[in-house]
Every structure is written in structure tokens, then in C-alpha cells.
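Sharing a structure with you now.
What follows draws every value from the coordinates through simple rules; no lab data is involved. Quantities reported herein were computed from a predicted structural model and do not represent experimental measurements. Methodologically, a virtual Cβ is constructed for each residue, glycine included, from the backbone with ideal geometry; neighbour enumeration extends over all protein chains shown.
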Amino acid sequence: MSYFTTQQGVAMTNQTVNQINEQFETFFGGPARAFAELTISHVEALVNAQGEATKAYTDVSLQQLRKALEIKAPQDVQGYIQSQQDVAKELGERVKGDAEKVVALNRQFADEAQKLTQQNVQAASKAAGSAK
């Protein structure tokens, strides 16, 4: 076996390894990283939304506890109860808004995941076509 034949064999092996690496990146590595990044961003947005909601609900609860401590006379009870109705309405609207926010985040995630899947299928089809 000559030196040139060995060098050609090594070059062909390197080319094959590079081609396998490119195909792996195209079909698995790149799409997996892109989907992981999308998922992490989605989880972060959900956690932030939940944190904001938790803070808002906690603030309202603490505010109502402080108002309860201000009750000194029987007539104060009636005012407190009336304010509770307003708070319940406000919280109901807040819960509805928070639920809508989560639905919108989930819808956005689903749309972006679908786009990502379509892009990956197109890239894979293109790569498979050029490999022929």
C-alpha cells in the first residue's frame, strides 16, 4: 500500500465523518437545541406570569388582612364586607386576565413549535434531496 493510497483513504474517512456530523446536526442536534431553547423560553414566560400573579394575589390578601385589623366598631364590619365584594370582583377579573395570558402564551408556544417543526422538516427534506 502506497502513501498516496493511505492518504486518500484518510481523506475519504474524514469526509465521511464530516458528512455524518453534518447530517446529525441537520436532522437531530440543531432541531433539538432549537426546540429546547423554545421550551425554556416558554417555561420562563410561564414562571414569570405565575410569579406576577402570585405577587398580585399576595398583595391583595395582605391588604385585606390589614383592613380587617382596622375594624374597631360594628359599623366598620359592614364597610369591610362591602369592600370584600369589590375585592372579589377585582380578583375574579385578575384571575380571568391571568388565565387568558397563560392561554395566549401556550398558543404562542404551539404556533412557534409548529413553525419550528415545519422548518426542520423542510431542512431535512432538502438535506435528504441533496444527499442523493
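What is the magnitude of the charge dipole of the chain about its Cα centre, with +1 placed on the Cβ of each Lys and Arg, -1 on the Cβ of each Asp and Glu, and no other charges, expressed in debye to the nearest 20? Numbers along the way, then the final one.
Numbers: 13 positive and 15 negative charges, 43 e Å.
Around 200 debye, computed over the chain.
What number, rounded to the nearest 500 deg cm²/dmol, is the helix-based mean residue ellipticity at 222 nm of the chain, given -39500 (n - 2.57) per DSSP H run of at least four residues and division by all its residues?
Details: 3 runs with 120 residues, N = 132.
Mean residue ellipticity at 222 nm (helix-derived): -33500 deg cm²/dmol.
Evaluate the relative contact order of the chain (contact order divided by residue number), counting alpha-carbon pairs under 8 angstrom at least 6 apart; express in whole percent. Present the calculation step by step, with values, prior to reporting the outcome.
Numbers: 33 pairs, mean separation 60.3, N = 132.
Relative contact order here is 46 percent.
Each label point is 7 Å from the Cα along the Cα-to-Cβ direction; what then is the distance between the points at VAL87 and GLN64, in nm?
0.5 nm
Take segment 28-131, compute every pairwise Cα distance, and split them into 5 Å bins from 0; I just need the percent in each bin.
With a bin width of 5 Å, the distribution comes to 2, 10, 14, 14, 10, 9, 8, 7, 6, 5, 4, 3, 3, 2, 1, 1, 0.
Which of the aspartates and glutamates could a cross-linker bridge to LYS96, judged by Cα under 16 Å and excluding same-chain residues fewer than eight apart?
List returned: GLU52, ASP86.
Using Cα positions and a limit of under 17 Å, work out the aspartates and glutamates in reach of LYS55, with same-chain residues fewer than 8 apart set aside.
GLU44, GLU90, GLU93, ASP98
Rounded to whole Hz and in sequence order, give me ³J(HN,Hα) for segment 98-107 from the Karplus expression 6.51 cos²θ - 1.76 cosθ + 1.60, θ = phi - 60°, writing x for Gly and Pro.
The phi angles translate into 5, 5, 5, 5, 5, 4, 5, 4, 5, 5 Hz.
Going by how many other Cβ atoms sit within 10 Å of their own, how do PHE35, PHE24 line up, fewest first?
Details: PHE35 15, PHE24 11.
Listing PHE35, PHE24 from fewest to most nearby Cβ atoms yields PHE24, PHE35.
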